[in-house]
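Encoded as structure tokens, the structure appears first; notes follow it.
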Amino acid sequence: METLIEQQLLERLVALLRSESRHLLSEHGLQPVQFEALHYLSIANRYSDTPMAVTEFLGQTKGTVSQTLKVLEKKGLLKKIADVKDKRVTHLEVSQKGRKLIDQILPSPIIRAASDVMIGDEITEINSSLRTLLYKLQQANNFKSFGQCASCSHNTNKGSGDFLCGLTKEPLTTKDVELICREHELNTSLQANAKAALK
Ligand code: SF4
């Protein structure tokens, strides 16, 4: 019986995706990690679109992230916006140009090609296994989950498209609950239901 997740498989997958990404981004003068920051900000909620949250998500130093954000801002891919309540907080908003670039790059051609040759429920099963692997890895190592708001234990569905964040006590919209959050804590009963539905 295998007792460890095969790291070599994961490293090979990451290497293939990174190589493809480097190739696609070269004509835009961007590095994969700069694009990762841009993509993260395009799906992060209002509590998570700050330079500090990007630092946490990428696991990089503040200095490196600051350089990354400068490059993205200079290229017109994102803009800084001061928080309306606390002027010391800066939000990072992805521009139209940035969103257009993301749509152009993702999903990568190698992922599309692989998806085209999958049969039956293979894609659903692979996505489910990858989600489980990510969650277990984060849980076992006390990493932040950066999950989607809809699956957070602090999220209360008030009905009619209204939600409430139990942590901040602020209302959330249908659009908000699709975004990811640095304060996310997985609602494990939702995960169990999703697994049961796949069986
Ligand atoms: S409900 Fe959870 S994921 Fe959603 S905003 Fe609140 S803390 Fe973040």
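The values are calculated or read from the model by the stated rules, or taken from the named source; none is laboratory data. What you are looking at is a predicted structure, and each value in this text was computed from that prediction instead of being measured. Cβ sites come from the backbone with ideal geometry, for glycine too, and all protein chains shown count toward neighbours.
Could you count how many residues in region 155-175 are crowded, with 18+ Cβ neighbours inside 10 Å and within 7 Å of the ligand (Cβ to nearest atom)? Walk me through how you get there before you give the answer.
Keep residues of region 155-175 that are crowded, with 18+ Cβ neighbours inside 10 Å, which gives 155, 163, 165, 172.
Cutting the leftovers down to within 7 Å of the ligand (Cβ to nearest atom) gives us 155, 165, 172.
Counting residues in region 155-175 that are crowded, with 18+ Cβ neighbours inside 10 Å and within 7 Å of the ligand (Cβ to nearest atom) gives 3.
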_For region 132-154, give me each residue that is surrounded by fewer than 15 Cβ atoms within 10 Å (Cβ to Cβ) and in a helix (DSSP H, G or I)._
132, 133, 134, 136, 137, 139, 140
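Please return the ranges of helices (runs of 4 or more DSSP H) entirely within region 10-119 where 3 or more residues are modelled with pLDDT of 95 or more and surrounded by 15 or more Cβ atoms within 10 Å (Cβ to Cβ). So that I can check it myself, show each step before the final result.
Working: elements: 32-43, 51-58, 62-74, 96-105, 109-116.
Answer list for region 10-119: 32-43, 51-58, 62-74, 96-105.
Counting only residues that are among the polar types (S, T, N, Q) and touching a Ser or Thr at 6+ places or on another chain (Cβ under 7 Å), how many does region 133-188 have?
2
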